[in-house]
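Accompanying notes for the structure given below.
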Amino acid sequence: MIRIKCAGNQRKKTMRLDKLPLNQVARIKSIRSDDADLEMRLREIGFAEGDRVEIVHRGLFGGSPLAIRLDGIASIAIRPREAALINVQPEGQDGH
């Protein structure tokens, strides 16, 4: 699912992290879950609004787990259903 947000004349596309193409850099815009413990876990392992993320590998069987590069430094493996809770904006769509 791709959402389009309008801010003045500028259109910004956000998408779920699990849908981000391989090796595309994006910035985290939000982390949302009805499960507060899961949202806290994602934040504790390092995900935060404004961070740069990139999917560097998808698992062979069903695309799980996803290997995520976080801020160009850390590598984290998470399930696609967890990545779906993170909304990102691909870089280059907001003037960066």
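Any read-out appearing in this document is the output of simple, stated calculations on the displayed coordinates, not a laboratory observation. Note that the coordinates shown come from a computational prediction; the quantities given were computed from them, not determined experimentally. Glycine gets a Cβ as well: all are built from the backbone with ideal geometry, and neighbour counts include every protein chain shown.
Overview of results
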{"item": "Quotient of Cα Rg and 2.2 N^0.38 Å for region 2-90, N being how many residues it contains", "result": "1.05"}
{"item": "In Hz, Karplus ³J(HN,Hα) per residue of region 19-34 (6.51, -1.76, 1.60; θ = phi - 60°; x = Gly, Pro)", "result": "9, 5, x, 3, 6, 8, 7, 9, 10, 6, 9, 7, 10, 9, 8, 6"}
{"item": "Environment charge of residue 82, counting only residues whose C-beta is closer than 9 Å and scoring Lys/Arg +1, Asp/Glu -1", "result": "+2"}
{"item": "Karplus (6.51, -1.76, 1.60) ³J(HN,Hα), θ = phi - 60°, over region 56-67, in Hz, Gly and Pro reported as x", "result": "9, 7, 10, x, 6, 9, x, x, 10, x, 9, 9"}
